[in-house]
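The values are calculated or read from the model by the stated rules, or taken from the named source; none is laboratory data. Everything numeric here is computed off the predicted structure, so don't read it as measured data. Here the Cβ positions follow ideal geometry from the backbone for every residue, glycine too, while neighbour counts run over all protein chains shown.
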Amino acid sequence: MGGTTTVPAAGLRTELRGFREVQRLAYDCAEAVAARLEPGVTEREAARMQRAWLRERGVRDWFHLPFAWFGDRTAFAGFRVPLQFFPTNRRLEPGMPFILDMAPVHRGFTADIGYSGALGPNPVQQRLAADLAAHRELILREVRERRPLREIYEDVDRLMVRQGCANRHRAYPFGVIAHKVDRVRERRLSPRLFGFGTQSLKGLAGDALHGHREGWSPLWSPYRFSDHPPHPGLWAVEPHLGFRGTGAKFEEILVVTDSADPEESAFWLDDDLPHVRRWTEGT
Amino acid sequence: MTVPDGVRERWVRTGGVELCVAELGDPRRPTVVLVHGYPDSKEVWSEVAARLADAFHVVLYDVRGHGRSTAPSPLRGGFTLEKLTDDFLAVADAVSPDRPVHLVGHDWGSVQSWEFVTVKRTEGRIASFTSMSGPSLDHFGHWINKRLRRPTPRRVGQLLGQGAKSWYVYLLHTPVLPELAWRGPLGRRWPGILERVEKVPGGDYPTSSLPSDAAHGAWLYRDNVRPRLRRPREDAYAHAPVQLVTPLGDAFLSERLYDGLELWVPHLTRRTLPAKHWVPRTRPDRLADWITEFVTATEDGRSGTAANGKHADRFGGQLVLVTGAGNGIGRATAFAFAEAGARVVAVDRDAEAAARTAELSRLIGAPDAWAEAVDVSDEQAMEKLAARVAAEYGVVDVLVNNAGIGLSGSFFDTTPEDWKKVLDVNLWGVIHGCRLFGRQMAERGQGGHIVNTASAAAFQPSRALPAYGTSKAAVLMLSECLRAELADQGIGVTAICPGLVNTNITSTAHFVGMDAEEEKRRQQRTARLYGARNYPPEKVADAVLEAVVHNRAVVPVTPEARGAHLMSRFAPRVLRRLARVNPPL
């Protein structure tokens, strides 16, 4: 597919159902793997567990291969080159925060999710995870107001500073807080480049080309190329908070349409996700 | 002895001597035994004991031959560590027969307590040990041997350093002379020497028994030092958790003596204190605090303390007040102190931001943290704050006057109101802080530190920052003058001079001589410029802690600030040329 996919209203629901299913599948995987984490497990092992769990359930292609970050790597402490994102032999210890991040493609639908937790009680991690709720609200509200993405990015930044935290999604390639995801053609082979599925990269590259001509970008960044109102499509949004060696994020799909009705113009693909449930239980 | 009412005295008979034992506080509480050093008697502990008596059963005794305890006869051979261990066990059995005691030793009291805590026969009788200014002679012996066996230049330097500090030990080994000196002129002059050189406050310490304490106590050295240093015990492992308090200004003991102590002590908590040798007299508040924390932790079954950030040895339990703690450098500084285990008072005019700082501080290691919503330029509010802090949290150990606002634009566009506003916060805020909290520190007389946030603009002139630069230059000079005045009282003053640091001072700064829209545009561009420079406030916070630890006077932070500071001394004309450049905003 790729390109400027303004999904026709009729097909929208079936289309979204596909995305919702794979996003749920990914979060189920995250919860299942998180429940199996114990002291001594390495990041590589955690990543492999995610991969195996999803492969067993029919996932053959990836937007990107699963990541796992433990300890101060959840806040990307000292990250300089993108290779540092890949899982290492860092072992999980009691009380350590962790993040699982995976982007499976299932039946052509892509999900990209992030799941934060800690092995046992970790008050700082719990605080950060709770603070993310305000960002989820802020992003949705400002996207509905059709504010330029760059300004929303800066508002998220300001909220993080007020909260006393640091913006850690700035460490991602291009400093993105979100990127577009799309349907991917199912192929027999699914080669990958630096952990990213080539089909998905192709889609992103196509978007970038179209966007370049039309004045928008599939990457939501702090830079000038994101100085445009939200573009219709599916955005995997991933605000990432860091505070002195502890990081927390969520990642899920925000649906943006060209509807004039604010409620319809943007909404989270699914509100029944682990972090959202935790917030509603907490209040 | 200046101890509160309710001191109970008893005599314990052991090994041919009678020991005078004093007890304070409720005997049902954990027992803390305080052992004095040389030349001292148990009265050296009076200030600390009084502070501990509310929470603990405090026991002090005069070591044999000191104070009101009797001396062994003959003196030679009567002061061996074995006999001192007998004495301790006799006292412990008398005051706390069924529960192990918490041991605290200073100077020779610590030397003998090391023996108590490392010999087999006291196992189960000691719950914890707080050591100050007195190493184990066995550990010391091994320390010397290790350095003699492989004398690298550094090790030789350490040996010579400690060798020079031990001059009095050699003198005490000469026969008769020390006794004559102590019973003669030295004994008479000693209180004056302590007050002048060691800054020990006068009053009823030392006691009148000093000459005979000092004369008898010489045998502590003669009976133990040579045999133990020649043949140190191989099994001197501590069987209880140890808290090591190291005064950094100790004239008699190098802090290097405790390198590698972890080999001998499985559960070691390190503390450092910027003070001289007689800490029980000069820093009773801090000691009482650390002893209380350590004893309580041990009683609760924890070993050591929660905070393990950088400089936790120095700031653990201290009270730190930071103004402008709602964001930027102030908030980062509060967090850095919190990680080091300090108690934090976060002051900001934005109540919500201050509360947030306090909340996060508690999460990362501060035993306690409070938020106070105060505008530092408001004299009365600051006075109320000072009174409240003193009454509720205690005397501030480290004060960080950090709150400040930005103001940029031509001198002629700066109105008197603009001037007043910037001086009120940036200068008067600092003056109020120093005046109120500095006075509390000085009156307590137990040291402290004041950090004032100046700026690189204090020595780098700029046509764009006449008012801001003036206010910060004033803060720098105020800090220097105050440093001179407070030096004698053990209170350090530091001016921190950051350059371009990524905080939101840029988006709240006032730009004069333009309309609101242009001002907003400038604020945004400055914020992006500072963001691109991206020097994090956390690094400034680290510099603040370093500056306090090393008692630095002026600390430029960021390369551009260091460069400007150097140039202000060696090439001021270059700075003047730079000052004429209009910043490209």
Checklist outcome for this item: Those residues of the range B:495-532 which are surrounded by fewer than 20 Cβ atoms within 10 Å (Cβ to Cβ), without any contact (Cβ under 8 Å) to a residue 24 or more places away in the chain and in a helix (DSSP H, G or I) amount to B:SER507, B:ALA516, B:GLU517, B:GLU518, B:GLU519, B:LYS520, B:ARG521, B:GLN524, B:ARG528, B:ALA532
Checklist entry - Somewhere in the range B:425-433, is a residue on the phi < 0 side of the Ramachandran plot and within 14 Å of another protein chain (Cβ to nearest Cβ)? => result no
Item to check | Flag if B:ALA354 is on the phi < 0 side of the Ramachandran plot, in the same structural domain as B:VAL548 (by TED's automatic domain parsing), more than 21 Å from the chain's Cα centre (by Cα) and touching a residue at least 24 places away in the same chain (Cβ under 8 Å) | outcome: yes
Checklist entry - Among the candidates B:ALA355, B:ALA332, B:ALA338, B:ALA297, which residue alone is within 13 Å of chain A (Cβ to nearest Cβ), farther than 20 Å from B:HIS449 by Cβ and in a helix (DSSP H, G or I)? => result B:ALA355
Checklist entry - Within the set of pairs 6 or more residues apart or between chains, which connect a residue that is among the basic types (Lys, Arg) inside the range A:17-35 to a residue that is at pLDDT 95 or above and in a helix (DSSP H, G or I) with Cβ atoms less than 9 Å apart? => result none
Next on the checklist: What pairs come out if I take residues in the range A:236-260 that are at negative phi and surrounded by fewer than 23 Cβ atoms within 10 Å (Cβ to Cβ) and pair them with residues that are of a type in the set (D, E, K, R) and assigned to a strand (DSSP E or B) whose C-beta lies under 6 Å away, six or more apart or interchain?
Outcome noted: A:GLU238/A:LYS249; A:GLU238/A:GLU251
Item to check | Of all residues in the range B:359-391 being within 14 Å of chain A (Cβ to nearest Cβ) and among the aliphatic types (A, V, I, L, M), the one that is surrounded by the fewest Cβ atoms within 10 Å (Cβ to Cβ) | outcome: B:LEU363
Next on the checklist: Please go through the range A:214-259 and give me each residue that is more than 14 Å from chain B (Cβ to nearest Cβ), hydrophobic (A, V, I, L, M, F, W, C) and part of a strand (DSSP E or B), ordered by number.
Outcome noted: A:LEU219, A:TRP220, A:LEU234, A:TRP235, A:ALA236, A:VAL237, A:ILE253, A:LEU254, A:VAL255, A:VAL256
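Can you tell me which of A:THR42, A:THR6 is of a type in the set (Val, Ile, Thr) and at pLDDT below 95? Spell out the reasoning first.
Working: A:THR42 fails: at pLDDT below 95.
Going through A:THR42, A:THR6 in turn, the sole match is A:THR6.
Considering only residues that are closer than 23 Å to B:TYR393 by Cβ and part of a strand (DSSP E or B), which ones fall in the range B:270-294?
Of all residues in the range B:270-294, those closer than 23 Å to B:TYR393 by Cβ come to B:271-275, B:279, B:282-294.
Residues satisfying the conditions are B:ARG271, B:THR272, B:LEU273.
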Checklist outcome for this item: Subset of the range B:207-221, residues surrounded by fewer than 20 Cβ atoms within 10 Å (Cβ to Cβ) and either free of Cβ contacts under 8 Å to residues at least 24 places away in the same chain or touching a helix residue (DSSP H, G or I) at 6+ places or on another chain (Cβ under 8 Å) (or both), comes to B:THR207, B:SER208, B:PRO211, B:SER212
Checklist entry - Counting just the residues of the range B:114-133 that are polar (S, T, N, Q) and assigned to a helix (DSSP H, G or I), which one comes out farthest from the chain's Cα centre (by Cα)? => result B:THR122
Checklist outcome for this item: Apart from one, (1) part of a loop (DSSP other than H, G, I, E, B); (2) of a type in the set (Ser, Thr, Tyr); (3) in contact with a Leu (Cβ under 7 Å, 6 or more places away or on another chain) all hold for B:SER73; the odd one out is (3)
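Listed here are the residues, each with its yes/no results for (1) of a type in the set (S, T, N, Q); (2) closer than 30 Å to B:ARG121 by Cα; (3) part of a helix (DSSP H, G or I).
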{"position": "B:TYR205", "(1), (2), (3)": "no, no, no"}
{"position": "B:ARG226", "(1), (2), (3)": "no, yes, yes"}
{"position": "B:PRO232", "(1), (2), (3)": "no, yes, no"}
{"position": "B:LEU244", "(1), (2), (3)": "no, yes, no"}
Checklist entry - more than 18 Å from A:PRO274 (Cα to Cα), more than 14 Å from every other protein chain (Cβ to nearest Cβ) and either part of a strand (DSSP E or B) or more than 15 Å from the chain's Cα centre (by Cα) (or both), is that true of A:ARG141? => result yes
Checklist entry - Inside the range A:118-137, can you point out the residues that are charged (D, E, K, R) and away from chain B (no Cβ under 11 Å)? => result A:ARG136, A:GLU137
Checklist entry - What are the residue pairs meeting all of these: first residue in the range B:162-174, first residue assigned by TED's automatic domain parsing to the domain that holds B:HIS216, second residue part of a helix (DSSP H, G or I) and of a type in the set (A, V, I, L, M, F, W, C), Cβ atoms under 8 Å, and 6 or more apart or on different chains? => result B:GLN162/B:LEU257; B:VAL169/B:VAL225; B:LEU171/B:LEU177; B:LEU172/B:ALA218; B:HIS173/B:VAL225
Item to check | Count - residues of the range A:172-206 that are among the basic types (Lys, Arg), surrounded by fewer than 17 Cβ atoms within 10 Å (Cβ to Cβ) and part of a loop (DSSP other than H, G, I, E, B) | outcome: 3
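Please determine whether any residue of the range B:533-543 is assigned to a helix (DSSP H, G or I) and among the polar types (S, T, N, Q).
To start, the set of residues in the range B:533-543 that are assigned to a helix (DSSP H, G or I) comprises B:533, B:537-543.
Imposing the further condition that a residue be among the polar types (S, T, N, Q) reduces the set to none.
So far as the range B:533-543 goes, no, none of its residues is assigned to a helix (DSSP H, G or I) and among the polar types (S, T, N, Q).
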Next on the checklist: Give me the helices (runs of 4 or more DSSP H) completely within the range B:375-487, filtered to those with at least 2 residues that are of a type in the set (S, T, N, Q), ordered by residue number.
Outcome noted: B:466-486
Next on the checklist: Any residue at all in the range A:176-192 that's within 25 Å of A:ALA77 (Cβ to Cβ), within 14 Å of chain B (Cβ to nearest Cβ) and touching a Ser or Thr at 6+ places or on another chain (Cβ under 7 Å)?
Outcome noted: no
Checklist outcome for this item: Restricted to the range A:157-171 and to residues being at the interface with another protein chain (Cβ under 10 Å from one of its Cβ atoms), in a helix (DSSP H, G or I) and touching a residue at least 24 places away in the same chain (Cβ under 8 Å), the residue nearest to B:GLN524 (Cα to Cα) is A:ASP157
Checklist entry - Of all residues in the range A:143-156, which are out of contact with any His (no Cβ under 9 Å at 6 or more places or on another chain) and surrounded by fewer than 19 Cβ atoms within 10 Å (Cβ to Cβ)? => result A:ARG144, A:GLU145, A:ARG146, A:ARG147, A:GLU151, A:GLU154, A:ASP155
Item to check | Selection status of B:GLY326, on the phi > 0 side of the Ramachandran plot, within 13 Å of chain A (Cβ to nearest Cβ), assigned to a loop (DSSP other than H, G, I, E, B) and without any contact (Cβ under 8 Å) to a residue 60 or more places away in the chain | outcome: no
Checklist outcome for this item: For the range B:381-409 the number of residues that are touching a strand residue (DSSP E or B) at 6+ places or on another chain (Cβ under 8 Å) and either under 17 Å from B:THR333 (Cβ atoms) or in contact (Cβ under 8 Å) with a residue 24 or more places away in the chain (or both) is 19
Checklist entry - Taking only pairs six or more apart or across chains, which ones have beta-carbon atoms under 6 Å, a first residue in the range B:410-429 that is more than 19 Å from B:GLY324 (Cα to Cα), and a second residue that is of a type outside the set (Lys, Arg) and assigned to a helix (DSSP H, G or I)? => result B:PHE411/B:PRO466; B:THR414/B:ALA467; B:TRP419/B:ALA467
